[in-house]
Structures are given as structure tokens and as C-alpha cells.
Amino acid sequence: MPPYKTGLLKRKIPDESKEVEVNNSRSDEDEVLIRGELDAENDSTDSEHDDDNAASDTERDEILFHDSADSLLSDDEANESLAESSDLTDSEEDDESGDEESSHEEDGESNSDEDKAEEEKEAKPKTKAESEDSGAESGTGPTLSGSSDGSKKTKEKAINKKEFKQKPIKKKEFKPKPTKTKAVQKTTDSIDALANKIKETNVTIQPVQEKDEYESGDTSDEEERVNTAGAVPSWWYDEYEHVGYDVEGRRIARPPRRDRIDEFLRKCEDPEFWRTVRDPGTGQDIILSKQDLELIARIREGRVPNPEHDEYQPWVEWFSREVLATPLRAFPEHKRSFLPSREEQRHVSRIVHALKMGWMKTRKQIAEERKKSKEQKFYDLWGSSAAAGEGEGVRGLQRHIPAPRRPPPGHAESYNPPPEYLLDAKEMKEWNKLAQTPWKRKYTFLPTRHGSLREVAAYERFTRERFLRCLDLYLAPRAIKMRLTINPEDLVPKLPSPRDLQPFPTTEVLKFTGHTDLVRSIDFDPSGQYVVSGSDDGTVKVWETSSGRCLRTLALGCAVTRVAWTPAAGLSLLAAAAGRRLLLLNPGAGVGAHRVAARTDDLLAEPPPARDVVMDERTAACVQWETPDAAQWARGVRLSVTHFKPLLHLSWHARGDYLAATVEEAGARGVLVHQLSRRRSQLPFRRAPGRLQCAAFHPHRPLLFVATQRAVRVYDLVKQELVRKLLAGAQWISALALHPAGDNLLVASYDRKCMWFDLELSSKPYQTLRLHGGAVRAVAFHSRYPLFASAGDDQYIVVSHGMVYNDLLQNPLLVPLKQLRAPEPRGELCVLDVRFHPAQPWLLAAAADHTLRLYA
Amino acid sequence: MVSKKKKKYSSGEGAQFMTRKAALKKLQLSLKDFRRICILKGIYPREPRNRKRAQKGAGGIKTLYHTKDIKFLLHEPIIWKLRDLKVYQQKIRRARATREFGRMRKYLRDYPSINIDHIVKERYPTFVDALRDLDDCLTLCFLFSTFPSLKKVPRNQSMLCRRLTVEFMHAVIAAKALRKVFVSIKGYYYQAEFEGQTITWIVPHHFSFQPQNKDEVDFKIMSTFVEFYTMMLGFVNYKLFHSMNLVYPPQLTAGFSPDSEKDLIDEHAYVAERIAALNISLAKVAGANEVEELPEIDIFQSEDGDPQKLEEAKQEAEKVKKLKTMFKGLKFFINREVPREPLVFIIRCFGGEVSWDRDHFVGATFDESDESIAYQIVDRPSMDKQYLSRYYVQPQWVFDSINARTLLPINKYLMGAVLPPHLSPFVDKIKDQVYIPPEERALKDPDFKPLDDEPSGSDIEEASDEDADEKNEQESEEDGDTALARQYQQEIAEDSPSDDEDGEDNLDPEKKKLAKEKKKSMAVVSGVPYKENPYQKQIEDKQAFRLREKLVRKKHRNLYKSMKAGQEKRKKEIWLLRKKRRLHDEKVKEEKKAEKRKQKMQAFEAATA
């Protein structure tokens, strides 16, 4: 059980104890209510008959009641003797026999008690009782009405006053003092006396409401307890248990005080709370009955309180259409009543004059004018042509963008279009296929042919199209868009014609056949007379350039990745990378002059003094210089350097003494520089710069270019430091070639690009050439002509003009000249290496189809 | 001293633009009113350069207005009118709700109208501005003039449109301003020229009004547009009439006066009256000269204008002058099955006289039996009673003649004949890569022979002197070039040594032998001049260009590609049209042949039998 409920119970327990006889079947609230009704001698507002009763002498009513109540009195009294003395009723009970009021009160109580008892038996106790009550009241009403007429007004006043009084009282229930004093004062007044009377009658009515046993008409009851305390402030009684004295001088017990919580709870729980008022005199709660409320409402509206009363009772139709035999007024109508008054006449003439003058208009005229004013009136808005020029006075839109016009109709829109515009079966199929997405169609309408003009029907979407145009006009965002009026050809850079940049290789002239596998690498000898090629079939072949004849084949045992002829003119020596070994070969007999070959042999035959060949441990662990045995010597091998890992790339220094070798996946030891004269090696790097691709020497300066996967690093070999880093902007660099002048660099990458670096300019590419459709695997410069070539996995070798000017202000001029058709690709590969002839504008390409091709 | 940090979007694009919601808030208008005022004032959203910034960082796509446009609206007196109107509507609503119908009727009767004269002046400070923007106005007014009374459209609006459009047509007739006509499946396209401005409008075919789906067409919006357009057209009409010394408003038939409240039950009667009105010449202002010949315009040699252009302009002017009086003195009779309105309008525009069947429609000026009628326009396969004194032509002849600016030979347009295609005069011929149908080319070039007379179509298509055609030719040649190049390269691939220009060492063995012999003889022989193969040269150029193409800057690469793709697409379209035409012509020829053969056979059979 929630705490507030327990509290409730506690508070209610004393109530119950007070009224033992009353109760049982009824709920607590009901008990309280009833007791309240009884105790408070309340219902001061209760309907009309109160008033009546009050007006008429109370004694008579009492007598009337007395008779009827007799029978019930005896047993009630016994019961009531048990009731507490604190209750008002009890105090009166003491001498009930003498006092009709009190007896009647008892009656009421008893009635109510009985009522409750009967409720168990009867299904509908209260409703019946009430209805009968009202009946009883109405019964009493007319009987008393006649007598009460005179005093009606005063009574009404009294009631009103009471109401007014009660309202403030309700509000100020916490401080009863002032209210009580007032109430006391009021009682002294004569009017208040009347009001009290009314109250009395109310109480007397109460039993009637409850029960129908008093049908006889004992509505009035005088056993009201009147507080006779007089006009004293009520707070005088604050410290007492009573609030005053009744007529008999008995104390009127103070009803239990309720605090705000109680009020609130009552408000929540009691459905009758809204019509419960407290009597300031006795402090009892009074519940207003339905009739009371009705009465109050009527009084408030200023109507006659009694609903049955007819104010206009005897209504005589004096003036009616019936012609009376004797007229009420015996004189005839005055002449004036037949003549228009002069005032009117003046008025009419004034109107007529106004109409004449046009000051006033008839309704018809007004309507016409109205219609006319609604018509659009057009005038010369733009004024004369002279004034037309001055549009400056009018404000306009900021940077107005006029709406674009609709495109004009084409031939297809004609009602009789040329036959080529009509859709054929295939186009019709596509048209139907795009039914769900009509905006993708070729036309917004279906081109249709009509034989003659009369067959043309209205266009269904016309309204819709106009609507869309309207939407476009006010809803489509507008912007000024620059339209390009250039030809696409203008975007192509203007370059000199290839015809003016001759010579360059244009056609294939020779095919070198003989290898049995991919030719990995090729090189010209410094004179350009011979060609060396290294192949996957493990051989190095030396060819004659002019005829394509194979002069010498050197079998090296494993795939040759790289061959390079020494740039030193007086030597007949070539370097070949085969697996882990770097072999220095002398093609010897039949290739070049005998003396040169012999001198080369002499040079290489004797090893240098041992003190020169000093290598630190790190290097010594990587390479091993070996002098070949006789068999190898016979095969042309003059020197061999065995590396710790397979070789990737080789390149000679311009003077031919040094050789840079790049080794696969070797980290910091990836680049080795071999010196032939001393037969020793160096490891230039301590740290790995990245994934190494190749390394090359600068043609005349002590610089080493090392290509890693993403960048090309330039090292100064004298100062032993990094000079600069060239960022290629490519994913994977494949090859690199240096311009013979040394200031420009060409880098090829596997992602189809060639980057031209101008070392003077920047570390970013001067130009990126996307001339290939596949990976670019090789690039080469011509040593004399301003030419360079690139080749890779696509079917073209591109020869370009790359002019480097001596003038530093002029940037290099790059012109692609010719796409040479490369041999058929094998697998993914097509061309693996390209080289220019040292003197002639000839290009040699190592192809994947085991051949070498010479282009001239 | 730390300067106050600038708030984001308080300047630049963020401050320049305003979303529609913000605009509504600023103007304190409902969306409905805002829409209306935007339409009336011609305010439109703008596309910002950077949308993200313009929307103050908000995502999505919002309707953005220029802040200054909205501020401009803020000063518009009409906004207050709209607000008052809102109050007024509330009054009406209240009257209806309280069932005070008398008052409601009074309110409705005195419904305030918004005067938008000043907006017309504001939007079009000069008359030429108004003319320039007349296209949409006329099209919409002509459309509305065919509308019945609709729920969302004020009752008198379509009436007003009818009146104004007829007035405008009269102005065109009086000024002889019509230049081009085109009968499309959507309607009749007209192009008129006033004060150097071309105005193009569409008049729908008959019975163009169909009840529209509610979510497809909102008539309220269109009606607001028409509200402005009628105002504008009225002023334009006034100006046009006055510039031609005509009385405005012209007294037309009763059908247009707005006080004829009765519904035009019979649409035909209305149309008939409208057309009849077109056939009446207008009253001139008293004292105005009857014929006002334009003075001969002197042509000054300007610095930049090359003489050819001037010559062209002169010719054009001459042509237009001729066009204006093309039908002068000719009498036309329109048969009743022909749509009369466009024809009457056109013929009257070019100075012809028109009449029609007096029994069927009002306003006929002469009878069919009139012997002076030059042309009778018919649209039926045959007629019972024919006059010898006149030509019976189909209506397309009129349209085509106007577009050709001469009276075309009528033999193709005679009654019952299969009509030649009707071509659009609006196709821009100056633009390159435009397909020109053979009919049009024949019209331009009298030497041009139609396809079916020639054995092969491809030569003819290239035999033309127009720019566009040259372009096309070039393209077709290019096509040929590429094909050739491919072939050539294949050849190279097949046997590279067989190149006879550069490689002298790989000649035929016979030649070698000869050379050897010659060498042996050591005689001096007269040299053979080296002939450069033009194709070879072209191929080389082509290859060089293709290489150069790869050097297009990265910045322009996409642009270049798209431009090229567009070119290719247009080329393909033209090729497709040409191919379809060729196929069609061949088919027609075949059919003709078969027909002829059949006839011959029949004749032969008849002869033998």
C-alpha cells in the first residue's frame, strides 16, 4: 500500500469512529459527505424552496415536518446517543424532543442511515431518491410561491451575497478568523438573517433529497443550528474546541481542521469536490445539489430563479391584424403620414443632383467601372525611342544571365521529315528499350512521317514541355559558361615537322638472326663497325653492323644479362654479365685489328702488383677477381669477377677503366665499381639508397647516377656525397640514359613513361613523354645526332628529336619523330634494348623474338 | 593587439549566395509567394563556382540565390501587396467560415489586382530587350489561348491571351516581319524579325489542350508566368502597333472582348472568328502614310568588314525584301480541310489575299468561283470540280516556298502528289559537321543532281561547294586516309625490306642485276625524277600528328579527348544518316524499276495479246 493511502486511512479512522451508526456498506468518502451534509446544515444555495421556506414563517414548516417525522424518531434517538458529543448533531440531540430542528436533523440522519441499509436491497437507491427529491421540492414550490413573491428579491440578494461570501472563504480556509467574524457580522443583519433562514431550509431539505419517505411535503426543516456567537472575530474561538453557540446556548463543536494536503487529496479523490463549499459559521462542508447549481446559474444569468415562473403571464394581444370592432384609438391618421416629408424631398433632390453631376454613381455604373478597371490597360511603356536609351534609371538584376533559348527544331521534328531521320527497325528497338529512361533517347519525340498536313495530330507533350520550360526559367540555376570555340587541333603543341628534323631512322633495314633465346642486351663498338649482343641462351655474339653477319659466338654458360663494349678506343674488350660473373672478353680474331686485340691481351695478361690490389674486407667479401684458365682464355675470357649475387646492370666509365656493376637485391652493396687497371673493386655506398635498378657514370664529370625504384640519385665520387635526387614521378624506373653532353638525362619507367630531366633546370622532369602503350624498357641517346629512342613492351620503337641547346636560356626541344614498328612480341616482351650507332643515324633494337633489328 | 578572427563564410562565395530557405526567412514570405515573386521579377537561382563554399559547408545540393538578388527583392513594393493579399484571403476565408456569403462575395468582387507594369519596365529597360525575350512569352500565350477555363487559371487569362496573340499576329502581318515557318509534329514554328531581333515561337496544332496529370503539370506556375507575359505582350503589342501607326487596341470581333462572359461553346465558331479577324487589315492612325517604303540603305565600307561579308549582307537584305512581297497580288483559296489559321496568317504576311468557303466559315472575302484565284490550297487526294485557271497545291508548298524565299515549282506539290520532305529552315548551316539532306542541297545548288539519277552516291556527296560539305569531305577523306595508312603499315609489317624509297639495297634481284650491269658499263644515265607519293606524305603527316597528339598537356588532355570524341560522334551520326538515305534511295529505285518492268511487261503482254 502506498504511503499516501495509509495516511488517508489514518485520517479517516477518527471520522468513522465518530459516526458508528452511519456507515458500513458505504465507502468512507460517502460517509464524510453525508455527515458533512448533515452537519453543515448546508446547501445554503439549495434551490428555490429554501427561499420560499425562509420567507414564509419557519414554524409552519416545522409543524408540518414534525408530524411526518414522528414515527422514525424513537429508534433514531437511541442510535444517536452513541454518537460523539463533538459532532454538531449530537449536541442538538440532547434536547431533540423539544426542538423541532434538531429532531428533524435526526430525521435526516436516520433517513440516510436507513437509506444505506436499504441500498443493499435495492439496486438503484440514490437516483431514485434524488428524482423523488426533486419531485418533492417542486411540490413544495408552488404552494409557497404565492407567499414568497414579495420577499423574493431580498432572498435572491441574500443568496448572492452568500455565494460571494463563500467564495473567499473557500480560498482562505487556513485562516478562518476573518471569515468567521464576517459571518458573524452578517448574521446580525436582517438580510443575513434571511440567509440563515435559507440555510436552515436547506438542511431541512437534505433528508428529502435522500429519501422519499417525506413525500408529504416536509421539505422545510427548522432544526438548523445557528451560530449565535455574534459579530465577533472568529479567531476569538481559535483556542477553543467550539466555534460558537447555537440558539440553545450549546457549544457548536469545531469541525476537524483540514490542512492543505487533505484539501488536495479530497480534490483528487472526491468527485463532488467542485461543488462542495464550507459554511464559515459552522465550518461544515456543504455539497451543492443539482438544483442549487441550476439556481446559481439562473441567478448569474440574471433570469428569474424559478424556471417555472412565467414573467409575461397574462399576455393580451392588443395590437394584432384583427380589426377590432372598437378601435383602440379613435382618431384618424394625420395628413403628414401620407405626404413625403420635406426633409426626404430635399434628400432625394440632392441625390438626383449628385447623379446628374456624376458625383454619385448607380450600382450598375459602379459595376461597369469595376470591370473596366480590372481590364489590362496598356500604354507606351518604353516611351519614345529617344527616351528608350535611358534604361539606367531602373534598377536591374545583378549580373543578369538571360535564359538560354530553346534549340531550334531540326529536320527530324518535321511533320514530313526526310526518310533518313525516321527510325529504322534497329533504332526503334533501342527506342523501345529506353522506355523507362526516356532522357537517354536520341530524340525527345518520335520522328513520324505524315502524308499530308491534315493528318497531323496535336502533340501530346506540348503542355508538359512548356511547363518544364517554365520550371527551367525560374528554378534552374544559371551560370555563365565559357564555350570553347577552338579546334581540338589547337591544343596539340606546335612542333617542327619531322621532315625538317632529318636524319633519323625510318625503316628497318637489317635483321640479325642467330640467337636462340631472348636478346637481353646489345652494344656497338666505339667505331660502330661491330655489334655485340648477349642473350638468354648463354652466348655473346659479335656481329658486323653493315652485313648482319655473326663474326664470333662466345658461349658463357649461363644467360647473359648485359653486354657493354669498352669505350676506350684502343682496346678490344667487352664486358658481359652472366649470372654472378662479370666477364671481360676479348672478341679477338676476326673482330677489329689484330694489333688491338693483341695489345688488349698483353694488357690483361699480367696482373697488377699485389700492393695495388688492396680491398677492404667488406668489398673482398662481395667480389672475387679471377684470372681465367687456359681453356677460358681460349674462349676469349680475359678476366672474370665473381660477385656474391647475380648481376643486373653494367656500365662503363667514359675512359674505360672503371666499370659500375649493379647487383640484384644486395642493399647497400648493390653498386660496385670495378677498376680494371688495378683489378680491384669498391663499394661506394654504406647504406642502401633503395631498390637499385641501374647505375651509370657521367660522361666527363666524376658523378655516378644511381637509379632506384622511384628516384635517380646523383653522387659526387670525389667528394663522396649525394649531389641531388631526381624525382621521376614514376612508379618503377626501368632504365636511364645520359645525354652525351651530360646535362640531360632520360629515365624510362615501367609505367609507360619517359622522363626527360634537365639537370640545370630542376629535380623534377622537364617533360614527361607518354609515347608508349606499354612498359618502357630501354632508352638510348645518339652520341652525335640530337636523337633519342625509347622502346618497351608495345609494338613501337619511338625515335624522337631531343635537341639540347648550348644557350642556357633555351630549353631542350623534344619532338617525337617516328614510330618504328617493332617485331612481333613474344609473350609480354617486345623490345629489350635499343642502341644508336655511334656515328650513323641508325638504331639497333634487341627484340624478344631472338633477333636484332637495325633501323636506318 | 590581436585582430578579431574573421568568421567563416562572412565574405566571398559564402556570403554571396543564399539558400532558398534563408531567402524565405529574409523576405518573410511563404514559398508560394516567393515563387510568384521570383517568376514575376525574373529571379533565378545561380550556380556557384564552388558549391561547397557557397552553401557554407553544408552538403547536398541546395537552391542558391544571389544575396543581392534577394536584397533586390526586399525593396520590391509587390512584396507588401502579397502580404496584404494574404490578409485579404484570410478575410475571405473567415467570411466563408462564418457563412457570411454576402461579404464573401463582396470580397471576391473587389479582389485586389497587383499591378506589375513597373516590373515589365524594370526587367526590360528597352523595347529591344523585351523583343529579345519574347520567345517563351509568345509560345506560352499561344498555348494558353487554346485553354478552356481551368481551375488554377484565372478565367479571363485565356481570353486575354487570345486577344493579345491575335493582336500580335496582326502586328506581324502589318510589319511583314515573318521570316521562317516550319511545320513540326509539335506545332507550327514561326520566326519573325522585329528591330533586328528574331523571335521564334510555336503555335500548337489544333486540340492541343489535354487534361494533364497533376504531378506532371502545375498550371498555377504556368498561370503566374502568363500573368507576367500577358502584361509584357500587351506593352509590346502597343509599341509595335504604334510604331506602325496603327490604332491600339484594334477593334476585333466580339469573341475577344472580355465582357463576353458566355462560354464559347462552339470552339469552331471561336476559331472561325479569330481567323476571320486575321483576314481583315487594320485601321491606320489618321494621317499616316499608306505606303512606307524603307529608304535604300547605304553601305559604308567599314575598316574590319571584308567586302565579301558586306556583299552577303546586301544580298540577304535583297532576298528579305523580295520575300516580304512574295505573295503580293496572288489570290489564295483555302479548301475547308486545310488548317486555315497558319495559312491565312502566312499568306497575309507575305502580301497575299486569302479566302475560304463562305458556307462553312465566316469572314470569306471572295468565292471559290472567282477566276482570279491563283492558287487553291487543298489537302485531299482529288476534287470533283476543278478550275483550269488556278493551281491546286498542297499546303506544304506555301511553307516550303517561304523557306526557300521563292515560289517553288509546284509540280511536286500538286494535289494528290507524294510530298517531298519538309525541311527545317532553322538548321544552322554555318556550323561544321552538319548533315544536309540532298533535297536541301539541291535547293541551294541548282547543279546538284539527286541521288537516284547517279550510278553511285558517294561521289556526289562529295561534290559540293559548301563549307560543311568540305568539312565532311575532309572527314571522309580522313577516313580513307586512315584506312590507307593501316593498309600501308600492314604492308610494312609484312615485308619491311620491300620499301623502295629509302632502302636501296633491297631491290628486286632483277633490278639489282640491272644496276650491276649499269655499274659495269659505268655510263652516265639521265636521272629519274623522284616522285613523292602524296598519299605517302599524308600518311607520314598523320603519323607525326598522332605522335604529337601524345604531347598534349596533361591539363588539356581530357578536354582534347572529349572534343575529339564529340567530333567523332557527329561524324558517325552524319555517316549513319547518309547511309540510311542511301539505302532508302536504293530501295525506292528498285521499286521504281520493278514497277517500270511490270508496266512494260503488261504493255508487252497487251501488245502481243
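The values are calculated or read from the model by the stated rules, or taken from the named source; none is laboratory data. Computed from a predicted structure; not experimentally measured. With ideal geometry, Cβ positions are generated from the backbone for all residues, glycine too; neighbour counts draw on all protein chains shown. We work out accessible area using only protein heavy atoms, side chains counted, and drop any ligands, DNA or RNA first. Shrake-Rupley method; radii C 1.70, N 1.55, O 1.52, S 1.80 Å.
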request  = Filter segment B:406-428 for residues that are part of a loop (DSSP other than H, G, I, E, B), open to solvent by 30 Å² or more (accessible area, probe 1.4 Å) and away from chain A (no Cβ under 12 Å) and give the result.
outcome  = B:Thr406, B:Leu407, B:Pro409
task = Looking only at segment A:640-682, count how many residues are under 13 Å from A:Val623 (Cα atoms), surrounded by fewer than 22 Cβ atoms within 10 Å (Cβ to Cβ) and free of Cβ contacts under 8 Å to residues at least 24 places away in the same chain.
result = 1
inquiry  = Out of everything in segment B:135-145 that is in contact with a Phe, Trp or Tyr (Cβ under 8 Å, 6 or more places away or on another chain), within 11 Å of chain A (Cβ to nearest Cβ) and buried (at least 23 other Cβ atoms within 10 Å of the Cβ), what residue ends up being nearest to B:Lys239 (Cα to Cα)?
reply    = B:Cys137
message = Just to check your reading of the model, which residue among A:Leu852, A:Leu832, A:Leu769 is within 12 Å of chain B (Cβ to nearest Cβ) and either in contact with a Gly (Cβ under 7 Å, 6 or more places away or on another chain) or at pLDDT 90 or above (or both)?
response = A:Leu769
request  = Only residues that are facing another protein chain (nearest Cβ under 7 Å) and buried (at least 21 other Cβ atoms within 10 Å of the Cβ): list them for segment A:401-415, please.
outcome  = A:Pro409, A:His411, A:Glu413, A:Ser414, A:Tyr415
Test: A:Thr276 is among the hydroxyl-bearing types (Ser, Thr, Tyr), out of contact with any His (no Cβ under 8 Å at 6 or more places or on another chain), in the same structural domain as A:Asn227 (by TED's automatic domain parsing) and buried (at least 21 other Cβ atoms within 10 Å of the Cβ) = no
ask   = Here are some conditions: (1) touching a Lys or Arg at 6+ places or on another chain (Cβ under 6 Å); (2) buried (at least 23 other Cβ atoms within 10 Å of the Cβ); (3) more than 21 Å from A:Trp652 (Cα to Cα). A:Ala791 meets all but one. Which one does it not meet?
value = (1)
request  = Can you run down the residue pairs with Cβ atoms below 9 Å, 6 or more apart or on separate chains, where the first is in segment A:476-491 and open to solvent by 90 Å² or more (accessible area, probe 1.4 Å) and the partner is not charged (D, E, K, R)?
outcome  = A:Ile480/A:Ile401; A:Leu484/B:Leu559; A:Leu484/B:Met563
request  = Answer yes or no as to whether B:Ser30 is farther than 30 Å from B:Ser223 by Cα, polar (S, T, N, Q), surrounded by fewer than 20 Cβ atoms within 10 Å (Cβ to Cβ) and not assigned by TED's automatic domain parsing to the domain that holds B:Asp136.
outcome  = no
query = Residue check, B:Arg94 against (1) more than 12 Å from chain A (Cβ to nearest Cβ); (2) modelled with pLDDT under 95; (3) assigned to a helix (DSSP H, G or I), all met but one. Which one?
reply = (2)
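Yes/no per residue for (1) of a type outside the set (S, T, N, Q); (2) modelled with pLDDT under 70; (3) outside any loop (DSSP other than H, G, I, E, B); (4) surrounded by 12 or more Cβ atoms within 10 Å (Cβ to Cβ):
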{"residue": "B:Gln474", "(1), (2), (3), (4)": "no, yes, yes, yes"}
{"residue": "B:Ala483", "(1), (2), (3), (4)": "yes, yes, yes, no"}
{"residue": "B:Leu507", "(1), (2), (3), (4)": "yes, yes, no, yes"}
{"residue": "B:Lys516", "(1), (2), (3), (4)": "yes, no, yes, no"}
{"residue": "B:Tyr535", "(1), (2), (3), (4)": "yes, no, yes, yes"}
{"residue": "B:Ile539", "(1), (2), (3), (4)": "yes, no, yes, yes"}
{"residue": "B:Lys555", "(1), (2), (3), (4)": "yes, no, yes, no"}
task = Quickly run through segment A:449-468 and pick out the residues that are within 7 Å of chain B (Cβ to nearest Cβ), closer than 18 Å to A:Glu413 by Cα and part of a helix (DSSP H, G or I).
result = A:Leu453, A:Arg454, A:Phe462, A:Thr463, A:Arg464, A:Arg466
query = What do you reckon, is B:His242 under 23 Å from A:Cys470 (Cα atoms), facing chain A (nearest Cβ under 7 Å) and not hydroxyl-bearing (Ser, Thr, Tyr)?
reply = no
task = For residues that are at positive phi and at the interface with chain A (Cβ under 10 Å from one of its Cβ atoms), tally how many sit in segment B:39-80.
result = 1
note = Output for Cβ contacts, cut-off 9 Å, separation at least six or different chains, first residue within 14 Å of chain A (Cβ to nearest Cβ) in segment B:393-405, second open to solvent by 10 Å² or more (accessible area, probe 1.4 Å) and among the β-branched types (Val, Ile, Thr), reads B:Val393/B:Ile410; B:Trp397/B:Ile410
note = Those residues of segment A:251-265 which are in contact with a helix residue (DSSP H, G or I) (Cβ under 8 Å, 6 or more places away or on another chain) and farther than 24 Å from A:Trp235 by Cβ amount to A:Leu265
query = Hey, A:Leu832 hits all of (1) surrounded by fewer than 24 Cβ atoms within 10 Å (Cβ to Cβ); (2) more than 19 Å from A:Thr545 (Cα to Cα) but one; which does it fall short on?
reply = (2)
Strands (runs of 3 or more DSSP E) wholly inside segment A:189-295 containing at least 2 residues that are modelled with pLDDT of 70 or more and under 60 Å from the mean Cα position of the chain (by Cα) = A:276-278
request  = Determine which single condition A:Ile522 fails, assuming it passes every other condition in (1) exposed (fewer than 15 other Cβ atoms within 10 Å of the Cβ); (2) touching a residue at least 12 places away in the same chain (Cβ under 8 Å).
outcome  = (1)
request  = Check A:Val532 against each of (1) open to solvent by less than 30 Å² (accessible area, probe 1.4 Å); (2) within 11 Å of another protein chain (Cβ to nearest Cβ); (3) without any contact (Cβ under 8 Å) to a residue 60 or more places away in the chain and name the one condition it does not meet.
outcome  = (2)
